[in-house]
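Notes for the one structure printed next.
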Amino acid sequence: MRILAINPGSTSTKIAVYDDENVVMTRNIAHRAEDLKQFKEGMDQFEFRKQLIVDELLAAGIPVRFDAVIGRGGLARPVEGGVYKVTEKMLDDIRQMKDHRHACNLGSMIAYELAKDIPGCLSLMADPGSVDELLPEVRISGWPELERICIWHALNQRAIARRFAKEHNTSYDKVNLIMCHLGGGISIAAHRQGKAVDANNALDGEGPFSPERSGSLPVAALIKMCFSGQYTQEELLKRVAGKGGLTAHLGTNDVRAVLQRIADGDEKAELVLNAMLFHTAKAIAAEGAVLCGKVDAIILTGGLVYSDYIVEKLRERIEYLAPVYCYPGENEMEALAMNALAVLRGEFTTKDYDQGTTL
């Protein structure tokens, strides 16, 4: 089975071609800032990015003929976890989203467009960031008007959870896990027997701060800042997602550079990074209460887990709760491809976005 996986990010588009479990080709197509400036919104980049993908495939001698094309899921309506066939209704919902217009929305759109011209080819999306299996209690905030939602690294977390379960001779639906994805954003979720019953809104400012995002903020002070007249709404939203966290404190989102500054004796860098890890550990421990202390493992994943410094700082505070396992990297391309392969082999049944379980 030949599969094309597509993962659009803000400044690049990753693609990978698989024959069954075997990688045939991977590419990270970088997009220059001057090329993206011509587009008013990210959604306007659809044709531009699609053509770059086709050109890259042809340059590698790979014909545009696949059994499945799977795109990183877009931030459409909240859905339960799983693999979905891309539909026109799904794409309409993605196009109409105003609050969460992320480049990942292009993944499903490009997958659909490429697959429709290939006989017998499926267009799929898997575990988008809008996967929502939250307990009813999670949704309730201190204001009835403000319901909690989650936007998190569902694709990588669920793929790593299934991998962990397989490696320990069990299945995802039989274990309780606390998963923490550490990347540009930090998402933490309690996985109870195959469902993520609690997860933070890692994109919009909830949970620990991260290299690029503000995390939860002091509410009253934030409201005063909003009405100070010093900032526009757009500027403040950018500080929440993009210019917050380490970027705001230290002027960089590059954790490797921060670690080097610490090694060189920069005490401010050490304090700020340790604060990020302190709040991350605190949030991980809180998920122990969600699972009533019945935790089989704590799993750290994402790019920052390559750092021994970061892992050890977290272990100091969380290992009392459950054994800690590390799966460095994002693994999103493999996760996409393996989800598609499971559908092609009949191991997974696709869910119906139009008629199935949506919230």
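The values are calculated or read from the model by the stated rules, or taken from the named source; none is laboratory data. Small disclaimer: the values here were computed from a predicted structure and weren't measured. Here Cβ is always computed from backbone atoms with ideal geometry, including for glycine, and neighbour counts include all displayed protein chains. The accessibility values were calculated without ligands, DNA or RNA, using every heavy atom of the protein model including side chains. Shrake-Rupley method; radii C 1.70, N 1.55, O 1.52, S 1.80 Å.
Some observations on this one:
- Put simply, region 13-76 fits an ellipsoid with semi-axes of 24, 15, 10 Å; these come from the alpha carbon gyration tensor as the roots of five times its eigenvalues, largest first.
- Among 162-173, 250-261, 335-346, 185-196, the order from most to least packed when residues are scored by Cβ within 10 Å on average: 185-196, 335-346, 250-261, 162-173
- In order through region 191-203: 3J(HN,Hα) via Karplus (6.51 cos²θ - 1.76 cosθ + 1.60), integer Hz, x for Gly, Pro: 9, 10, 6, x, 9, 8, 7, 8, 7, 8, 8, 5, 7
- Centre separation in Å (Cα based) which lies between region 131-194 and region 287-359: 7
- Amide H contacts under 5 Å for Tyr353: Lys85, restricted to partners 5 or more places along the chain or on a different chain, H placed in the peptide plane at 1.01 Å from N.
- Solvent-accessible area per residue in region 251-313 equals 49 Å², computed with a 1.4 angstrom probe and all protein chains kept.
- Kirkwood Rh, angstrom, region 312-359 [1 / mean 1/r, Cα pairs]: 14.4
- 3J(HN,Hα) couplings calculated from phi for region 143-157 with the Karplus curve 6.51 cos²θ - 1.76 cosθ + 1.60 (θ = phi - 60°) are, in sequence order, 10, x, 6, 10, 8, 6, 10, 10, 10, 8, 8, 4, 4, 5, 4 Hz; Gly and Pro show x.
- Qualifying aspartates and glutamates (Cα of each under 14 Å from Cα of Lys282; at least 8 residues distant if same chain): Glu206, Glu316, Glu319
- Portion, in percent, of the accessible area of the chain that falls on carbon or sulfur, probe 1.4 Å: 50
- For region 193-279: relative contact order, % (alpha-carbon pairs under 8 angstrom, 6 or more apart): 28
- Annotation: peptides 197-203, 232-238, ranked by per-residue average of other Cβ atoms within 10 Å with the highest first, follow the order 197-203, 232-238.
- Charges were assigned to the Cβ only: +1 to each Lys and Arg, -1 to each Asp and Glu. The resulting dipole of the chain about its Cα centre is roughly 160 debye.
- Charge tally in the Cβ shell below 10 Å around Arg2, where Lys, Arg are +1 and Asp, Glu are -1, Arg2 excluded: -2
- Charge tally in the Cβ shell below 10 Å around Arg77, where Lys, Arg are +1 and Asp, Glu are -1, Arg77 excluded: -1
- The charge dipole of region 1-101, taken about its Cα centre with unit charges on the Cβ atoms of Lys, Arg (+1), Asp and Glu (-1) only, comes to about 220 debye.
- Computed about its Cα centre, the charge dipole of region 76-124 is approximately 80 debye, with only Lys, Arg, Asp and Glu carrying charge at their Cβ.
- Solvent-accessible area per residue, Å², over region 5-132 with all protein chains present [probe radius 1.4 Å]: 44
- Using alpha carbons only: equivalent-ellipsoid semi-axes of the chain, gyration tensor based, whole Å: 32, 25, 21
- Here the contact order of the chain, divided by its residue count and restricted to Cα pairs under 8 Å and six or more residues apart, works out to 18 percent.
- Highest mean packing comes first when the peptides 13-24, 102-113 are listed by Cβ atoms within 10 Å, giving 102-113, 13-24.
- For the chain, calculated [θ]222 nm from helices alone, where every DSSP H run of n ≥ 4 adds -39500 (n - 2.57): -11000 deg cm²/dmol
- Mean separation of Cα contacts under 8 Å, 6 or more apart, over the residue count of region 1-63: relative contact order %: 22
- Kirkwood-based shape ratio for region 162-231, expressed as Rg/Rh from alpha carbons: 1.20
- Legend: calculated FRET efficiency, Asp20 to Tyr325, from the Cβ-Cβ distance at R0 = 22 Å, rounded to 0.05, equals 0.25.
- Phi-based couplings in Hz for region 50-59 (Karplus 6.51, -1.76, 1.60; Gly and Pro marked x): 4, 5, 4, 5, 4, 4, 5, 5, 5, 5
- The value for region 275-345 of Rg(Cα) / (2.2 N^0.38 Å) is 1.32.
- Crossing angle, helix 308-318 versus the chain [Cα axis fit, 0-90 degrees, rounded to tens]: 70
- Solution diffusion estimate, µm²/s, Stokes-Einstein, region 40-142, Kirkwood Rh from C-alpha pairs, 10 °C, viscosity 1.306 mPa s: 108
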